[in-house]
Structure formats: C-alpha cells, structure tokens
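All remarks here apply to the structure that follows.
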Amino acid sequence: SMGLGAAGLQLYSGSKAACEAEPTPPDALLALSPEEPPARRKTRVVVLGTGWGAVSFLKSLDPKTYGPDGRYELVVVSPRSYFLYTPLLPSAAAGSVQERSIMEPVRNLLRGGQGTYFQAEATAIDPNRRVLTCAVDQCAVCKTVAREEGKCGGKGQAACGAARDTFELPYDVLIVGVGSVNNTFGIKGVEDHCHFLKSIDDAHRLRLRISRVIEHAGLPHLTPEERRRHLNFVVVGGGPTGVELAAELHDFVQEDVARLMPHLKDDVSISVVDTMDHLLGAFDRQLSEYTQSHFARSGIDVQLSTMVKSVSDGVLTVSRGGKEETLPFGTCVWATGIAMHPLVRGLKGTLQQQLAEVQNARTGLVVDGHLRVKGTQGTIFCLGDAAVTHQERTLEAAPQLFAAADLDRDQRLSADEVVRMLKKNKKTYPQLAELATLLEEGALEKAAKGMWGASSKPGRYEKHIERLQRGLSFEEFRELLADMDTLMRSLPPTAQVASQEGKYLAQLFSDNHIAPYPGAAAAPGREISMGVWVPLPEGAPVFQYSHMGSFAYVGVDQAILDLPSTFPFKALKGWLVGQAWRSFETWRQVSARNRWMVQSDWIRTKLFGRNISEA
Ligand code: FAD
C-alpha cells in the first residue's frame, strides 16, 4: 500500500545539544496515519497558519466533514497556537486593550478536538511528492534558557545551540495561509534599530519600550534635551497601521501621561514619516486630508515626501526634495508594508523551475478563481497575504454568464442587456452587481474610478463606454470583465480579503468541490506531474471579493470610514464613526469571549486609564 501509513509521517530528531528539550511523543504524530486501505482512507487536508485566512476557513468549514464520519482528516500546522486579531495591535501596543483580549486559542476553533493541531513551522513544501517538512521550535520546551527573554527563539535560532527537530508530513491537499513578513526594503539598520508591529510579541515589546522610556525620561540627571530625545516617537509608514499607532500613542500621552506624569507631557513628540505626498494612500483623498489636519490639531507631526535611506542608533537618514537630512528619534516603529514569506518564496522557486510563465508574480503565489495555486493540479490552495489572485478570474465568468443568460455568442449586447445579465447573476458574482448598478446609472467613469482606484487611467474606460453605447460583442464583453479584473488581481493584503477567501474555501471544501488531482488520494506521496489543469465539478462557484469599506482610527475618539463607490456616502469621519469603529472591532472578534474582553478593556481604559507600567 502506498497509503499514508506507508508513506508515513517521518519524525527526525535533531541533536539535543545543551538543550534539555522534551521530544514530541512520536506516537501522537504517527497515530495520524492509520493503516487503512487507500480507497477508504480520508483525504488529508493540511492547513498552514492560524491567521485571518486559515482561521476563517476553520470557522466556516462544516465540522461534519472532518468528524469521525467525515471525508477529511484535518491537520493544522502553525508555530502560533492562537489567532491574532491584527487590527487592534496598535491599541494593544499603547495599552488600550490587553494583549490576551485579541488572541484566541486555535484549539477552541477545532470543534471538539476533531481536527489535529501541530505547533510547528512548515519550512519546505515538496509539491511533487506532496510532503511538507516541519520544524519544531526547541526553545519552547528548553528548560535551560527559555526564561532568558530575548536570548532564546529569535529568528528561529536556538540560543543554546540545539538543532531543530523536524518531521515530514504528507498531504493530499494543502492550504497555504502563512501570511507575509515585514518589508524593510533592504534599508540598512532597520532590523537592528526599529520596532515592528506585526506579532503580539512586537506589540508587547513596544508597550514595554514605551513604558520604559517614559520612566527613564523622568530621571533627575537628564538634560531637557535628552528628555525630549527619549520621548521622541517616530513611525515610518503612513498607511493605516502607522496612522493608528500614532493616534493610539497620542491618546496615551494626552489621557494617561498627562494625568500621571504631567511634567513630561509637553516633551513628548510623535511623528509619522512617509514617502508619498499624503497619508493613507488607499483611502479617499478627502479622508487622508482630514486625517492630516486632524493630526495637525492633535500635535502629531507629519513628514511627507520623505524617504528613509538608512537607520542608525537614534537617527534616521532621510532624503527630502533631493537633499539628505537627519531625523533623531527615541523610538522608531517601522510599518511600511509587507514582503513575501520565505516558505512561499521557496515553493514559488520550485514551481518556477517547471512553470515559470504561470508563477510570474513578484508578491506571492498566483492562484486561479478557486484559489488553487497555478501549476499544482489542485493539490495546493493559497489565501490571504500569500496569494496573488489570477487574471482569468472574471474571464472565466464570461462564458458562464452568457450560458446562464441563454445568449448567443454572435449576438451584440446593449448596455441594458449587460445590466440585466449581471444582475441575474448577482448571487454568483456579487462583484458584478456593483458594476451593474453603476452601469445602470450610466456612470462607468465613476465605476472605473471607484473600482480601479485613483491610479487608473480614465482613457482606458472610454472605449468601454463607447462600446456599451453601440452594443458589445462577446469578445468586447470579455474585455470589459478582464479590465475589471485588474482590480481583482491587485486585491489588497487585508484581513477582509483573507477572511472572505477562507470562508469561500470552506464552502468549496464543505460542498466537496475540491476535486484534487485525479488519483491524489489513491497514491499519496507519489510524484505528480505539474502543470496539467484539473477542472472543478460543474457548479463550483468562483471566488468573488466584495469590498465592505475600510476603517481607520485617527485618535481623540475619532475614526474615518472609506466606503465602496456604490454607497450613497463614500467618505465618513468624526466622533460617531469613532464609536462605530469601536463597535465594529468588538463585534468582529472571532469568539464571544474575545468580544467581551475587548469591550471591557475599552470601558476599563475610559474609566481607569491605561497601565503606564511594565506590568
Ligand atoms: P496572517 O493573519 O498573518 O496569518 C499567518 C499565519 O501563518 C500565522 O498564524 C503565522 O503564525 C502562520 N505561519 C507563519 N509562518 C508559518 C510557517 N512557516 N508554517 C506554518 N504557519 C506559519 N487588515 C484589515 O483588513 N483591516 C485592518 O484594520 C488591519 N489592520 C492591521 C493592523 C496591523 C498592525 C497589521 C500588521 C495588519 C493589519 N491588517 C488589517 C492586515 C491583516 O492583518 C492581514 O492582511 C492578514 O492578517 C492576512 O491574513 P493571512 O491569513 O494571510 O496571514
């Protein structure tokens, strides 16, 4: 038998060296591979990650499918044993909410313990053999150095010199949801001198740092200059993360430092540095201008058109208007964007050797309309920050729309007919419904702007308008949809996208639409030849993102809300929006437990203030 029992789950133990690590009991891992005849074996679905995409998948997957009588054997692999609600990381760093309030143990999400969770990191994917290599963090169980904060762990390196335990895990279908890593753009000194804000450890370290510099600045031997230098916070990156962090820091200073250490309040400075000429590039321009003037009123300094060249101890070297300048800082937080995860880069490299032309995106794994990684025969799915949606998505929809509308390909379509057809398929393609509404209003120009963003060239859409006026051929209709796809291809790396993708995949798996490589379950571990296209069963829906709008907290209880172009109001701002933002961030927590904790944190902060100490 070539079943998983035979292919097995191999456990290799690294040398323990000085580390007194307790090995993972091999039985627990091997029990995963029942010696069953291949035909009766369940399909092993391995999920990588416990972030927005993966957890949304786990929450929405029908538990019956991986229960005792289910058709899947579900295994989750992630170094992080909890889901992290990233949108509240800036609030956690400033102490407005507690760290544990935005973390949800992943075991709570595997209904009744029916799925398996391994706390390990996938280090390599072999798509031909369909085998993962996973590494276990020895530091987690090392009794000798684990307590020495900062020494152990780090960049996956055990300070005690222990090699990492690794094991191999075969899969039938893999779902990659490993997210992304911080982007330093290779700028010198960033890693060594800046804080990041991506993990709960980052938020924790930053909160300790803030507490320490404030206490330090109060020491009697400092000159006023030194004091101001300590209390100088610089955030690099004027996107939502940078803006929200600056806003939370501002509130912390105004509400808590002012109350407990009033003599320090005026020495604190907060700045946001960005290369663009305005903040919040992805938001409506009106909202970014509002944020800038709101920041100016709050005393947050905004340095635009400023590019960081290098970072050294306490100094940023920047270039502005062609000139080089230096900006001193006490604490610098780097929040400029994301880069490809090393595991994704590795898989991409393997795929590119065989399929360079389909895996051609710079930022992640190219997936098709069903989130299947191109070139892996439906054995690997990818979602969230790690995925790049593929151009064929809506092109695929064109023939289906035609067929569903019972139309002839030689027929020309009037604008009214296009609208009718798009509306008829509203359920299957919600994104098209938005286009239909705008077409109905005769507002393609507005549609183009709203849907493709400010960067789109207006001239490009004139041809569509002209064609709609005289009637579209099938090919022209295809082109219209393909142009719409430019938007979909560049889906932003957000929690909103990742969670919709997770929900969509869960539906695909719950309804048994996954159709992996024929014979996948019958011959696990056997080499597959990549690149062959495996069609999904008739009726399998295509993923469609529907944008619900974006919030950002800007401080002093105010927030901004950027809505999709189909809403009557596109840009909302102010105190009421601030209240809506709080309710939204509370309601969107993954469990009732976290909802309750976040809500009580906010009430506690309002009534008693934030904790200014390291406790
Ligand atoms: P993640 O949520 O990052 O999850 C990745 C998972 O993979 C983690 O569990 C990680 O431990 C695991 N993993 C990593 N490496 C491996 C490996 N080798 N093997 C196995 N598992 C691995 N988006 C919004 O829509 N709205 C917001 O308000 C918002 N605010 C944000 C604020 C901050 C501070 C940050 C950092 C991000 C914010 N985002 C927001 C973006 C959002 O968090 C990401 O787009 C989203 O997390 C992407 O989801 P994901 O599932 O792809 O990855």
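The values are calculated or read from the model by the stated rules, or taken from the named source; none is laboratory data. What you see is a predicted model, and the numbers here were worked out from it, not measured in a lab. Neighbour counts run over all protein chains shown; Cβ positions are idealised from the backbone, glycine included.
For this structure, a couple of remarks:
- Taken across the stretch 242-259, residues that are more than 16 Å from ASP301 (Cβ to Cβ) and assigned to a loop (DSSP other than H, G, I, E, B) do not occur at all.
- Test: residue in the stretch 107-124 that is modelled with pLDDT of 95 or more, within 20 Å of GLY378 (Cβ to Cβ), near the ligand (Cβ under 10 Å from one of its atoms) and assigned to a strand (DSSP E or B): yes
- When the stretch 92-106 is filtered for residues that are part of a helix (DSSP H, G or I), in contact (Cβ under 8 Å) with a residue 60 or more places away in the chain and within 12 Å of the ligand (Cβ to nearest atom), the ones remaining, listed by number, are ALA92, ALA93, ILE102.
- Residues of the stretch 58-91 that turn out to be assigned to a helix (DSSP H, G or I) and either on the phi > 0 side of the Ramachandran plot or within 9 Å of the ligand (Cβ to nearest atom) (or both), as a count: 5
- Checking each residue in the stretch 548-600 for being of a type in the set (Ser, Thr, Tyr), modelled with pLDDT of 95 or more and surrounded by fewer than 18 Cβ atoms within 10 Å (Cβ to Cβ) picks out SER583, SER600.
- Inter-residue pairs, beta-carbon under 7 Å, first more than 14 Å from the ligand (Cβ to nearest atom) and in the stretch 230-241, second part of a helix (DSSP H, G or I), 6+ apart: HIS230/VAL213; HIS230/HIS216; HIS230/ALA217; LEU231/VAL213; LEU231/ALA217; LEU231/LEU264; PHE233/LEU249
- Residue within the stretch 195-205 that is among the charged types (D, E, K, R), more than 16 Å from the ligand (Cβ to nearest atom) and either closer than 30 Å to PHE57 by Cβ or touching a strand residue (DSSP E or B) at 6+ places or on another chain (Cβ under 9 Å) (or both) present: no
- Of all residues in the stretch 290-323, none satisfies the criterion of being over 21 Å from PHE252 (Cα atoms), acidic (Asp, Glu) and at pLDDT 95 or above.
- Among the residues of the stretch 379-401, at least one is modelled with pLDDT of 80 or more, more than 23 Å from PHE477 (Cα to Cα) and away from the ligand (no atom under 16 Å from the Cβ).
- Qualifying positions in the stretch 180-225 - touching a residue at least 24 places away in the same chain (Cβ under 8 Å), among the aliphatic types (A, V, I, L, M) and either out of contact with any Asp or Glu (no Cβ under 7 Å at 6 or more places or on another chain) or closer than 21 Å to VAL253 by Cβ (or both): VAL181, ILE187, VAL190, LEU197, ALA203, LEU206, LEU208, ILE210, VAL213, ILE214, ALA217
Conditions (1) of a type in the set (S, T, N, Q); (2) on the phi > 0 side of the Ramachandran plot; (3) under 24 Å from the mean Cα position of the chain (by Cα), marked per residue:
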| position | (1), (2), (3) |
| --- | --- |
| LEU572 | no, no, no |
| GLY578 | no, no, yes |
| PHE584 | no, no, yes |
| VAL590 | no, no, yes |
| GLY609 | no, yes, no |
| SER613 | yes, no, no |
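- Tallying residues that are within 25 Å of THR363 (Cα to Cα), within 16 Å of the ligand (Cβ to nearest atom), in a strand (DSSP E or B) and of a type outside the set (A, V, I, L, M) within the stretch 166-192 yields 2.
- Restricting attention to the stretch 574-590, the residues being within 16 Å of the ligand (Cβ to nearest atom) and not in a helix (DSSP H, G or I) number 3.
- Just one of the listed residues (GLY242, GLY177) is more than 30 Å from ALA615 (Cβ to Cβ), buried (at least 17 other Cβ atoms within 10 Å of the Cβ) and at pLDDT 95 or above, namely GLY177.
- Residue match in the stretch 274-282 (condition: surrounded by 15 or more Cβ atoms within 10 Å (Cβ to Cβ) and in contact with a His (Cβ under 7 Å, 6 or more places away or on another chain)): no
- Taking residues in the stretch 110-126 that are closer than 18 Å to PRO68 by Cβ and not assigned by TED's automatic domain parsing to the domain that holds PRO79, and partners anywhere that are outside any helix (DSSP H, G or I) and modelled with pLDDT of 95 or more, not one pair has Cβ atoms closer than 9 Å while being at least 6 places apart or on different chains.
- Test for ASP416: is it in a helix (DSSP H, G or I) and modelled with pLDDT of 80 or more: yes
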